[in-house]
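**Q** Let me begin by handing over the structure; questions about it come next.
The values are calculated or read from the model by the stated rules, or taken from the named source; none is laboratory data. Fair warning: this is a prediction, and the values are worked out from it, not measured in the lab. Virtual Cβ from ideal backbone geometry, glycine too; neighbours counted across all protein chains shown.
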Amino acid sequence: MVTRKARAHIRDGVKVTRVEKSNTKPARAWQRMLSGRRLDLLDPSPFDVEIDDIAQGLARVARWNGQTRGDHAFSVAEHSVIVERLCGVLAPRWSAKWRLAALLHDAPEYVIGDMISPFKAVLGCDYKAFEARLAGAIHMRYGLPSQLPATVRSTIKRADRICAYHEAVQIAGFTVKEARKLFGRPPVNGKVEINPLPVRDAQILFVNRFTTLHARTKREAR
């Protein structure tokens with residue numbers, strides 16, 4: 001693509017603007033998925049979101065930047081399933097759609113990866129805005145509101161922190177004291193065992209749980 005760039009200089013006391021041609025191509029802003037979809041990263045469409053692509057990505061994204069014990073990385077896919085289960089403990093009367101929202105709470109990471117919290121803070125608002133747009137497209141694709149109610153968001157966040165606490169202590173090398181300082185003390189009924197699965201097993205686990213919750217969500221909407 002040929003673009004034009006304006007350059008200004010002064011000639012005989014008069015500002016003269018000259019337009020020059022540039023052969024710089026615009027940066028590619030889409031990603032091709034294994035499903036064949038092309039997801040526009042700047043303006044993601046629900047029509048380009050597929051659960052198999054999400055599961056493919058999340059099962060291969062490592063929590064804690066891979067700095068965990070064991071033969072396998074602890075994937076975002078497995079983390080998401082645990083967080084959804086914890087939400088069932090914290091909010092046992094939730095409808096299936098909120099449980100589905102919990103399962104998909106980190107779904108944008110199939111594109112952007114799992115950035116640790118300190119790095120997210122450095123990137124600031126631009127990162128958060130992009131993440132919110134992608135989350136909104138995913139929610140619309142599966143019949144969820146683009147913006148979740150505050151009580152739902154807070155419950156998912158609490159479950160996320162409980163899971164993070166157990167990950168930190170069990171596989172990421174944190175002491176109990178360090179984990180409590182960062183994530184708080186987990187409730188007695190929030191105990192979980194962190195067992196990093198092989199990629200394929202984590203992917204199947206995520207897809208199976210999605211299939212169950214999505215079917216329940218559609219039945220409840222009738």
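**Q** Taking the condition of being crowded, with 23+ Cβ neighbours inside 10 Å and either outside any helix (DSSP H, G or I) or free of Cβ contacts under 8 Å to residues at least 12 places away in the same chain (or both), how many residues in the range 64-87 meet it?
**A** Of the residues in that region, 3 qualify.
**Q** What tally of residues in the range 42-63 results from selecting those that are among the acidic types (Asp, Glu), at pLDDT 95 or above and in a loop (DSSP other than H, G, I, E, B)?
**A** Filtering the range 42-63 for residues among the acidic types (Asp, Glu) gives 43, 48, 50, 52-53.
Going one step further and asking which of them are at pLDDT 95 or above, we end up with 48, 50, 52-53.
Add one more test, that the residue is in a loop (DSSP other than H, G, I, E, B), and what stays is 50.
So the answer is 1.
**Q** Tally the residues that are out of contact with any helix residue (DSSP H, G or I) (no Cβ under 8 Å at 6 or more places or on another chain), over 18 Å from residue 210 (Cβ atoms) and either among the hydrophobic types (A, V, I, L, M, F, W, C) or in a loop (DSSP other than H, G, I, E, B) (or both), restricting the search to the range 129-158.
**A** Final tally of qualifying residues: 4.
**Q** Further question: Of the conditions (1) part of a helix (DSSP H, G or I); (2) surrounded by fewer than 18 Cβ atoms within 10 Å (Cβ to Cβ); (3) modelled with pLDDT of 95 or more; (4) touching a helix residue (DSSP H, G or I) at 6+ places or on another chain (Cβ under 8 Å), residue 193 clears all except one; give me its number.
**A** Only one criterion in (1) part of a helix (DSSP H, G or I); (2) surrounded by fewer than 18 Cβ atoms within 10 Å (Cβ to Cβ); (3) modelled with pLDDT of 95 or more; (4) touching a helix residue (DSSP H, G or I) at 6+ places or on another chain (Cβ under 8 Å) is unmet by residue 193, namely (1).
**Q** Please work out which residue is farthest from residue 40 (Cα to Cα), limiting yourself to the range 124-163 and to residues that are aromatic (Phe, Trp, Tyr) and surrounded by fewer than 20 Cβ atoms within 10 Å (Cβ to Cβ).
**A** Our first condition is that a residue be aromatic (Phe, Trp, Tyr); within the range 124-163, this holds for 127, 130, 142.
Next, only the ones that are surrounded by fewer than 20 Cβ atoms within 10 Å (Cβ to Cβ) stay: 127, 130.
Details: 127: 15, 130: 11 Å.
Among them, the one singled out is 127.
Residue by residue, here is whether (1) in a helix (DSSP H, G or I); (2) acidic (Asp, Glu); (3) within 22 Å of residue 72 (Cα to Cα); (4) touching an Asp or Glu at 6+ places or on another chain (Cβ under 9 Å) holds:
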site: 160; (1), (2), (3), (4): yes, yes, yes, yes
site: 164; (1), (2), (3), (4): yes, no, yes, no
site: 168; (1), (2), (3), (4): yes, no, yes, yes
site: 172; (1), (2), (3), (4): no, no, yes, no
site: 177; (1), (2), (3), (4): yes, no, no, no
site: 181; (1), (2), (3), (4): yes, no, no, no
site: 185; (1), (2), (3), (4): no, no, no, no
site: 200; (1), (2), (3), (4): yes, no, yes, no
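**Q** Keeping to the range 171-181, report how many residues are without any contact (Cβ under 8 Å) to a residue 60 or more places away in the chain and surrounded by 12 or more Cβ atoms within 10 Å (Cβ to Cβ). Give the steps one after another, and end with the answer.
**A** Just the residues of the range 171-181 that are without any contact (Cβ under 8 Å) to a residue 60 or more places away in the chain, to begin with: 174-181.
If we keep only those that are surrounded by 12 or more Cβ atoms within 10 Å (Cβ to Cβ) as well, we get 174, 178-180.
The number of residues fulfilling the criteria is 4.
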